[in-house]
1. Suppose we filter LYS301, LYS325, LYS313 for residues that are of a type outside the set (Val, Ile, Thr), in contact (Cβ under 8 Å) with a residue 12 or more places away in the chain, open to solvent by 60 Å² or more (accessible area, probe 1.4 Å) and touching a Pro at 6+ places or on another chain (Cβ under 9 Å); which single one remains?
2. Pairs only if they're at least six apart or on different chains, beta carbon under 6 angstrom, first in the stretch 120-140 and at positive phi and in contact (Cβ under 8 Å) with a residue 40 or more places away in the chain, second of a type outside the set (Asp, Glu) and in a strand (DSSP E or B); list them, first residue then second.
3. Tally time: how many residues in the stretch 14-34 are at positive phi and assigned to a loop (DSSP other than H, G, I, E, B)?
4. Considering each residue of the stretch 71-117, count those that are farther than 18 Å from ILE362 by Cα and of a type in the set (Phe, Trp, Tyr), and give that number.
5. Going residue by residue through the stretch 255-269, is there one that turns out to be over 28 Å from ALA378 (Cβ atoms), among the hydroxyl-bearing types (Ser, Thr, Tyr) and at pLDDT 95 or above?
6. Sort through ALA334, ALA357 and tell me the only one that's without any contact (Cβ under 8 Å) to a residue 24 or more places away in the chain, among the hydrophobic types (A, V, I, L, M, F, W, C) and in a helix (DSSP H, G or I).
7. I'm trying to understand the selection: among the residues of the stretch 345-355, which are of a type in the set (D, E, K, R) and either open to solvent by less than 40 Å² (accessible area, probe 1.4 Å) or closer than 14 Å to SER32 by Cα (or both)?
8. Taking the stretch 265-293 on its own, how many of its residues are in contact (Cβ under 8 Å) with a residue 24 or more places away in the chain, in a helix (DSSP H, G or I) and surrounded by fewer than 24 Cβ atoms within 10 Å (Cβ to Cβ)?
Amino acid sequence: MRKRIQRRRNARHFIGLMSGTSTDGIDAVVASVSGTARGLKAQLMAHVQYPWPKALRERILCACLHGTVAEICELNFLLGEHFARAALAVIQKAGLKPGEIAAIGSHGQTVHHLPRAKTPSTLQIAEPAVIAERTGITTVADFRVRDMAAGGQGAPLVPYVDWAIHADKKHPRILQNIGGIGNLTYLPPNARLDQVQAFDTGPGNMVMDAVVMALSSGRFTYDRGGSWAARGKVSEKLLSRLLRHPFLARKPPKTTGREEFGAPFVQSLLNAARELRLKDEDIIATATMFTAASIAQAYQKFIFPKISAKLIKDMQVILGGGGAKNPTLQNMLAELISPVTVLTQDDLGNSSAAKEALAFAILAHETLNHRPSNVPSATGAKRSVVLGKIVPGNSWKE
């Protein structure tokens, strides 16, 4: 009991900021964090969703594939201003003052990610110096680049948090995030960090959302509740073509993004759908099944063959991210991987929508404690490293 009270007394407040490849907006959280590694405890105190203005979202999407140096330079500072506003808004919602926050962990906005380039590289914008200056709070950002410098792919970074918080003594678990991109963390029962397996499964919401935007002429940005897909019929012919994408067969460690599943891929999908004379609802249903099938295929190719039938039977798949709110997608996945149990973060008393932002609050906590928090078995890095760059705030103490 004494140790438990001591941990609570030592807890500090951290902010996590996240804008994913779906570019819906910024998720901002305040969390109380204490302990470290498997002794880490995190309690979500407040969560706000700060949507991108439509015109700014379009600028971000354009910059991801066609941005000039000047455009990305300006967006870096502009997005920093928006991230700072989101941080201040969530502080107010939590009933706190900026001086009560130990640090901000900001993922930023990925505009390009090239893990397989001749010179592997990645770029996230939303200038942390602007965030620190506007809030007065020490800001940790650019988490991906140190892992890449150590020979990794710079992603996924959430597996450390999944391991610290969600490893279970009895059940093997797959933590499946469905943001713009889908990514998984596999945790054997009582997992050690070096037993964690994690990688991107392929598209999450990115392809579905882009198809909805195209078919609705921009009136809708996503299929709310999966209702449009639920009215359609999956085209097996188109699905088979989509599942031949080379990323899906590539062995982990692997990461992907808008470079492989962005606008050119979606345009190709729509062209093929028109050739097949598919109805709009059938196109949405097929795009949704493509996400579900790519996730299921990742399990069947890279996770299930390495574990016993008993472990598969005891498996819990826990969904997080925006895709966890799509019951059509969830039902498709559950059918493909039956009899595996499919849950959501909300079923465990957590917030599906806040999961990734919470992770970056925790990663900032670990960085300030000089704790390495990449997972080399997931990213391919040569060694464990402390992640992020630190921009001191008004009350910075070494």
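1. LYS313
2. ALA126/GLY108; ALA126/GLN109
3. Total satisfying the criteria: 1.
4. So the count comes out to 1.
5. Among the residues of the stretch 255-269, at least one is over 28 Å from ALA378 (Cβ atoms), among the hydroxyl-bearing types (Ser, Thr, Tyr) and at pLDDT 95 or above, which makes the answer yes.
6. Among ALA334, ALA357, only ALA334 is without any contact (Cβ under 8 Å) to a residue 24 or more places away in the chain, among the hydrophobic types (A, V, I, L, M, F, W, C) and in a helix (DSSP H, G or I).
7. Passing the criteria: only LYS355.
8. Total meeting the criteria: 10.
The values are calculated or read from the model by the stated rules, or taken from the named source; none is laboratory data. These numbers were taken from a predicted model, which means no experiment stands behind them. Don't worry about glycine lacking a Cβ; one is built from the backbone with ideal geometry, like all the others, and counts go over all protein chains shown. Surface areas here come from the heavy atoms of the whole protein model, side chains and all, with no ligands, DNA or RNA. Shrake-Rupley method; radii C 1.70, N 1.55, O 1.52, S 1.80 Å.
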